[in-house]
Every structure is written in structure tokens, then in C-alpha cells.
Amino acid sequence: MQIIHISAECYPVAKVGGLADVVGSLPKYQNKLGYTSAVIMPYYKNKFVEQNSFKTIYESTVALGVYKLNFSIRMLANNPLDFDVYFVDVPELLYKDYVYSANDTDRFIAFQIAALDWILTLDKKPEIIHCHDHHTGLIPFMLQECHNYKSLNKIPVVTTIHNAQYQGWFSHEKVDLIPEFDFHNVGLLDWGSSINPLAAAIKCAWSVTTVSPSYMEELQLEANGLEGLLSAERSKSVGILNGIDAKVWNPETDTYIVQNYTEKTVAAGRQANKAWLCKEFNLDIEKPLFAFIGRLVGEKGADLLPEAIFKALKSNEINVLVLGSGQSEIESALFGLIELYPGAYNAFIGYDEKLSHIIYAGADFLLMPSRVEPCGLNQMYALRYGTIPIVRSIGGLKDTITDITEADGFGICHQEVNVDEMINAIERGTALYKTKTKFIKIRRYIMGIDHSWDASALQYINLYKALNNQL
Ligand code: ADP
Ligand code: GLC
């Protein structure tokens with residue numbers, strides 16, 4: 001079976017968040033299972049593109065309303081990845097030094113049309129088209145409705161919702177940018193009086209998946225306006241928990257971290273990574289280190305971090321380190337705390353892949369007080385590296401972390417997102433840290449939990465097979 005994933009992000013080519021990690025690892029595991037899985041993504045002007053050479057395999061023009069733009073499909077000349085990537089190069093729109101901007105409608109419409117125009121020319125067509133998030137949400141509609149793509153409408157198309165907060169809305173004035181279709185069916189594009197690519201995908205995809213089973217349930221009640229639609233389409237929807245790339249995220253071989261380690265050498269290995277962090281960020285190695293890594297936005301509960309950290313540090317018993325970027329007021333509040341607690345708190349405001357790996361390898365606890373968490377990969381990376389997650393039980397966090405008060409529990413969970421619950425969870429972590437034997441036992445146990453893609457990649461394959469059997 002030939003599978004094509006279509007996405008705006010893919011690690012290590014272009015990463016903004018977890019979407020990249022998923023699209024950069026699921027195809028690898030599907031190939032490992034004996035299928036042929038590849039990715040189509042935009043050709044951006046970034047470090048990966050600068051550092052690699054490419055060959056052009058197809059050239060044409062893409063029609064965007066009345067405009068015609070040149071585009072080409074490129075591939076890596078020497079592919080270091082475990083799957084093929086087809087890059088859609090639309091120089092005028094996509095070749096930018098960013099993945100997303102405030103005005104992306106034309107960019108991602110052009111991307112989607114060019115991708116389908118190229119697929120039309122292939123002798124061997126994919127047997128599954130797997131779209132990710134709203135940036136590729138028009139594809140299920142275009143396959144079903146646009147006259148140009150009629151010959152592709154027997155290819156089953158799956159849409160995965162990584163985050164329903166973002167839907168890609170744009171005005172009906174731009175409807176002419178979409179290739180010709182029977183205008184009676186324009187309602188398929190609409191939700192709440194604007195064109196809503198995520199809603200169109202939910203309506204037209206053969207199957208809709210979310211990145212954890214709990215998130216699928218939660219979306220029935222709260223989906224930023226799409227809850228009614230998701231309930232109506234429930235019978236073709238399923239929640240499949242994300243996996244992690246156990247090759248990239250492996251403390252035994254990770255080249256980013258200061259000292260590699262296994263379950264047997266975890267104590268010394270993690271101590272070396274913690275020592276590096278404490279030296280670099282002026283923290284106290286004797287105290288437990290609580291860390292946060294992620295986007296500094298309300299969804300992640302990051303707006304509560306400054307107050308929660310300020311209060312929690314009063315105990316004088318802990319260290320806190322934050323790595324993240326996002327809303328400027330949260331960034332400055334977190335930055336402002338540094339001078340209040342020198343020696344116990346620090347923050348790196350920005351994005352740093354290497355530092356994130358060292359934090360997973362050296363922090364004692366990882367804080368994830370998310371309001372919304374469709375899956376969350378950080379907690380699974382933390383487990384693999386032996387860092388105990390402290391999470392708000394929601395979405396994928398609920399599906400992956402069991403509280404220490406339960407049988408076989410190994411994490412710390414809280415039910416609500418507020419400063420008091422966050423502080424209480426940190427205090428529970430501090431107490432656990434002091435009961436050394438239990439702390440060490442849990443640390444070793446969590447490293448052995450298998451969250452690799454093995455199981456979930458197979459679940460997707462079974463879904464694709466079921467869709468192909470419907471034909
Ligand atoms: P989301 O995609 O909602 O941001 P996920 O938990 O799915 O959340 O994935 C986040 C990914 O981005 C993880 O790989 C995490 O390590 C990484 N990440 C987030 N913020 C940063 C940062 N500031 N620096 C480095 N990596 C980061
Ligand atoms: C989104 C979600 C996150 C999920 C990621 C990968 O960014 O916010 O929870 O882990 O996609 O599916």
C-alpha cells in the first residue's frame with residue numbers, strides 16, 4: 001500500500017511543534033511495517049533546505065484564481081531520512097523563512113492545489129492520502145468535488161486533527177481560488193458563514209482521526225465551534241494515540257545530550273545532564289528541578305506559570321527552568337522572575353531543540369498544566385528519558401499519565417488548571433523527590449514504557465485497509 005501524508009510541517013525539515021514530530025516519524029514506522037509511506041510538504045527557505053541539495057522531478061504552473069504561479073516538485077538529492085519527502089516549491093508564496101504567518105490562505109491553497117495537480121500526473125497513484133490539520137483541509141473537499149480531480153476521487157482520504165483550535169477560516173470572497181466545482185455544494189466549505197478548511201475536511205474526509213482517544217471525546221463537547229459537526233460525523237471518526245520516534249528520542253544514543261544513559265546507568269547519566277543545566281542556568285543541583293518546555297500560550301496553561309512559579313519558589317526547596325516562546329506578556333513575566341529568584345529559577349525564551357533534549361534528560365519533573373492537549377508529545381519524551389511528568393489530566397495527557405496514588409501510577413496528575421492545583425502538584429513532586437527509593441524506582445519504570453509508534457502506526461494501517469475495503 002502506498003501512503004502519502006500531506007502536511008505543513010515535518011521533522012527534521014521544518015518544525016513548529018508536535019505536528020512536525022508526528023509527520024516526521026509516523027511514515028518511518030509505516031515503512032518499517034512494509035508499506036510505502038511518504039510526505040508532501042512545502043519547500044521553505046530554512047536551514048534544512050540550505051544545508052541539503054535537491055533535484056527537481058516535475059515543473060508546471062498552479063492556477064490560483066486568475067493568477068498562474070510557477071511551481072516545481074523537488075526531492076532530496078541524498079535523502080538522510082527513512083522516508084521520501086516531496087517538496088512543493090511555489091517560490092512566490094511558500095519559499096519563506098517561516099512556516100506560518102498571519103495571512104496564509106493563499107499560501108496553503110496554492111500548496112494543496114499544486115500537490116493534487118502533481119498527484120494527477122503520477123502513473124502509480126497513492127492508495128491513501130492522509131492530510132494533517134487545516135492547512136491541508138481543502139484536499140478532501142477538492143478530491144470529492146473539484147472537476148479537475150474527479151479521477152482521484154476513489155482514493156480514500158483521511159484527515160487527522162492535531163488541534164481543532166485552529167481551523168484556517170477565510171472569507172467567501174476567496175472562493176474563486178479553489179478550482180472549479182459545482183457551486184451547489186459550496187455549503188461543504190462553509191461553517192459559521194466563512195470558509196472553514198477544517199470543517200470542510202471533517203465533512204469530506206473518508207475518516208477523521210484525532211491524536212488521542214480522550215481528545216476525540218472532548219471535542220464532542222468543545223471544539224471551538226465544531227462540536228456539532230464532530231458529533232454528526234462521529235461514526236467515521238476515531239482517536240488514535242500518537243507515538244514517538246524512539247530512534248530520535250533515545251537517551252542511549254541522543255547526540256544532543258551531555259551524557260548518554262540507559263535504565264541501568266540512569267542515575268549517573270541524568271546527574272551529568274542536570275549538572276550541565278544547573279551550571280548553565282545558575283541553579284542548585286541539590287534541589288529537585290521542575291521544567292516547562294513549550295509554546296507560551298493559554299492552551300498550555302502558560303499564562304499561570306509566572307504566578308505559580310513565583311509562589312512555589314517561596315518554599316526555597318526547588319529549582320524551576322522554563323524553555324519556551326509565545327505570547328509576549330507571558331514571555332516578559334517569565335523573564336522578569338529571573339532577578340527575583342537567582343540561583344533557583346531561570347528561563348530561556350526562544351526555541352532550542354538541543355536544549356529541549358538536555359532538559360528531558362536532566363530535569364526531575366516536567367510541568368504540563370495544559371488547558372487543551374490533543375495528545376502532547378513532551379510527556380512521552382519525558383517518560384523515555386526518566387523525567388516524571390506533572391500533568392493536568394486532559395486529552396492525551398489523560399491517556400498516557402497515571403497518578404502515583406493509583407495502582408502502577410508513575411506521574412502526578414491534577415484535574416483543574418489553576419495556580420493552587422499547580423502548586424499542590426509541585427509540592428507532591430517535591431515530597432516524592434525526598435522519598436528517594438520510590439522516586440528512583442518510578443524513574444527507572446517510566447523509561448521502560450513503550451510509546452513508540454509501533455502500535456499506533458499499525459492502527460492507522462488497519463484504518464487505511466478498512467477504507468480501501470469500502471471501495
Ligand atoms: P504542541 O505541538 O501543541 O506545541 P507537543 O507536545 O505535541 O505540543 O509538541 C511540542 C514539540 O515541540 C516537542 O517536540 C517539544 O519538545 C518541542 N518544543 C516546544 N517548545 C520548544 C522550544 N521552545 N524549544 C525546543 N523545543 C520545543
Ligand atoms: C498539536 C497538539 C499536540 C499534539 C500535536 C501532535 O500541536 O497541540 O497536543 O501532540 O499536535 O499531534
In what order, largest first, do Val372, Val16, Val90, Val66 sit by accessible area if the probe radius is 1.4 Å?
Val66, Val16, Val372, Val90
Would you mind computing, in nm to one decimal, how far apart the modelled labels at Gln415 and Asn78 are, each placed 7 Å from Cα along Cα→Cβ?
5.8 nm
Under 23 Å from the Cα of Lys203 - lysines, other chains or at least 8 residues apart:
Lys150, Lys154, Lys174, Lys236, Lys465
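Can you tell me which of 236-244, 176-184 comes out highest on packing, and rank the rest after it, using the mean Cβ neighbours within 10 Å? Mind dumping the intermediate values first?
On the way: 236-244: 20.2, 176-184: 14.1.
Averaged packing, sorted descending, gives the order 236-244, 176-184.
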Folded to 0 to 90 degrees: helix 436-447 orientation relative to the chain principal axis, Cα:
20 degrees
Between Glu307 and Ser194, what is the label-point separation in nm under the 7 Å Cα-to-beta-carbon projection?
3.0 nm
In Å², nearest 10: area of Tyr67 left accessible to a 1.4 Å probe:
150 Å²
So Leu471 and Asn260, fully extended at 0.36 nm per residue minus their Cα-Cα distance, gain in nm 71.0 nm
Between Lys354 and Lys45, what is the label-point separation in nm under the 7 Å Cα-to-beta-carbon projection?
2.6 nm
Computed [θ] at 222 nm, helices only, for the chain once each DSSP H run of length n ≥ 4 contributes -39500 (n - 2.57)
-10500 deg cm²/dmol
Report the Cα centroid-to-centroid distance between region 99-132 and region 370-401 in angstrom, as an integer.
31 Å
Using only Cα atoms, find the angle between the long axis of helix 454-469 and the longest principal axis of the chain, and express it within 0 to 90 degrees, rounded to the nearest 10.
20 degrees
Descending principal axes extents, the chain, alpha-carbon based, whole Å:
66, 46, 42
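For region 266-450, give the magnitude of the charge dipole about the Cα centre (Cβ charges: +1 Lys/Arg, -1 Asp/Glu; no others), in debye to the nearest 20.
On the way: 20 positive and 23 negative charges, 147 e Å.
So the magnitude is around 700 debye.
Probe of 1.4 angstrom, ligands and nucleic acids ignored: what's the accessible area per residue over the chain, in square angstrom? Intermediate values should be presented prior to the final figure.
Numbers: 18790 Å² over 471 residues.
Accessible surface, normalised per residue, equals 40 Å².
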Sorted on mean Cβ neighbours within 10 Å (highest first), peptides 192-199, 133-140 come out as 133-140, 192-199
Calculate the length of the line joining the C-alpha centroid of region 166-241 to that of region 440-468, in whole Å.
27 Å
When the Cα centres of region 276-319 and region 1-67 are compared, how far apart do they sit, in Å?
35 Å
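Report the relative contact order of the chain, percent, no decimals, based on alpha-carbon pairs under 8 angstrom and at least 6 residues apart.
Details: 946 pairs, mean separation 57.9, N = 471.
Computed over the chain, the figure is 12 percent.
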For Leu188, solvent-accessible area (1.4 Å; no DNA, RNA or ligand), Å²
50 Å²
In degrees, nearest ten, helix 419-434 long axis to first principal axis of the chain (Cα)
60 degrees
Given +1 on the Cβ of Lys and Arg, -1 on the Cβ of Asp and Glu, and no further charges, what dipole in debye does the chain carry about its Cα centre, rounded to the nearest 20?
1220 debye
Assuming 0.36 nm per residue, please report the length gained on full extension of the stretch Gln2 to His147 beyond their Cα-Cα distance.
49.8 nm
Using the Cα atoms of region 266-450, I'd like the radius of gyration and the largest Cα-Cα distance, Dmax, both in angstrom.
14.7, 42
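Please work out how much length the chain gains when fully extended from Glu173 to Glu227, using 0.36 nm per residue of separation minus the C-alpha to C-alpha distance, in nm with one decimal. Please list the in-between numbers first.
Details: separation 54, 0.36 × 54 = 19.44 nm, distance 2.56 nm.
Full extension from Glu173 to Glu227 adds 16.9 nm.
The values are calculated or read from the model by the stated rules, or taken from the named source; none is laboratory data. Computed from a predicted structure; not experimentally measured. All Cβ positions, glycine included, derive from the backbone under ideal geometry; neighbour counts span all protein chains shown. Surface areas here come from the heavy atoms of the whole protein model, side chains and all, with no ligands, DNA or RNA. Shrake-Rupley method; radii C 1.70, N 1.55, O 1.52, S 1.80 Å.
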